[in-house]
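Values quoted throughout were computed directly from the atomic coordinates according to the rules given, and no laboratory measurement underlies them. Predicted model, so just to flag it, every value in this text is computed and none were measured. In this analysis, Cβ positions are derived from the backbone assuming ideal geometry, glycine residues included, and neighbour counts consider all displayed protein chains.
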Amino acid sequence: MAIMNSIDFDFSLSIEQILDQIAERGYAIVENAIDKECIDALLAQAQSEHSEFVTAKIGRQSQLTEATSIRSDKTKWLNGSSLAEQTYLDKMEQLRCLINRHFYLGLFDYECHFARYNKGDFYKKHLDAFKGRSNRVFTTVLYLNTPETGGELGIYCDDKDELIEKIPPRAGTLVCFESERFPHQVFTASDVRYSIAGWFRKNNSISGMVDPSS
Ligand code: OGA
Ligand code: MN
């Protein structure tokens, strides 16, 4: 199993948990998924670059609009410019390959951004993808700090309006879910909250259709 040798031990354990939970219920919540040094470095980077974060946009391509009534966080795309970013992107690449192999999905890439929620910021209930309209297949959220209260991620049942998970952000926790299937929201933050939200994508034409999250 040559590929397993290239995966560090902790993360290969996390990957197994992620795959099992996804197979069972379509989403996964794994604490301490990424080692602390990497999380600390990503947090330090996000904090030092926070003046470069911009108001998050809603929609796709020509329909991109600022929508601060729906979400009020600020974001910055990762581009692999630091060692910590590269380490994180490498891990997501390992996860992408294993998800493809387990679930026979043609996920072809991963895009992700830092997000900063200040006290009072929120993201109302939304889907990251609409069936057949978007190329986002799996959403990931990695938390970089641990606010005392607030800023929980609420995940709703796919067909009912029922809250099935309310996940407090904790540094190192990775949440992963099927983008078309689970409406979710970020409850109002009481403290500054840093995360990396990302999407594994498949290659299809979206022909300018509206995607509620970008
Ligand atoms: C998003 C999102 C959830 C979170 O950015 O689309 O839903 O917990 N984020 O930050
Ligand atoms: Mn979302």
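Worth a mention:
- Inter-label distance, Ser48 to Arg170: 2.9 nm, where each label sits 7 Å from its Cα along the C-beta direction.
- The longest part of the chain holding none of the exposed loop GluC sites (Glu not before Pro), meaning those outside H, G, I, E and B in DSSP with at most 16 other Cβ atoms within 10 Å, is 50-147.
- Calculated FRET efficiency for the pair Lys124/Asn79, C-beta based, R₀ 30 Å, to 0.05: 0.60
- In this entry, the chain is assigned a mean projected area of 11.6 nm², taken as a quarter of its C-alpha convex hull surface.
- Assuming charge only on the beta carbon of Lys and Arg (+1) and of Asp and Glu (-1), the dipole of the stretch 60-164 about its Cα centre is about 240 debye to the nearest 20.
- Electrostatic dipole magnitude of the stretch 115-165 [Cβ: Lys, Arg +1; Asp, Glu -1; Cα centre; debye, to 20]: 340
- GNM top mover of Gly198, Gly172, Gly59 - the chain, alpha-carbon springs below 10 Å: Gly59
- Label-point gap, in nm, between His102 and Val192 - each point 7 angstrom along Cα→Cβ: 3.5
- The stretch 107-183: trypsin sites (Lys or Arg not before Pro) falling in loop per DSSP and having at most 14 other Cβ within 10 Å: Lys119, Lys131, Lys160, Arg170
- Applying the Karplus relation 6.51 cos²θ - 1.76 cosθ + 1.60 with θ = phi - 60° to the stretch 74-80 yields 3J(HN,Hα) values of 10, 9, 8, 5, 7, 9, x Hz, where x marks Gly and Pro.
- The fewest-to-most ranking of Val54, Val175 by surrounding Cβ atoms within 10 Å reads Val54, Val175.
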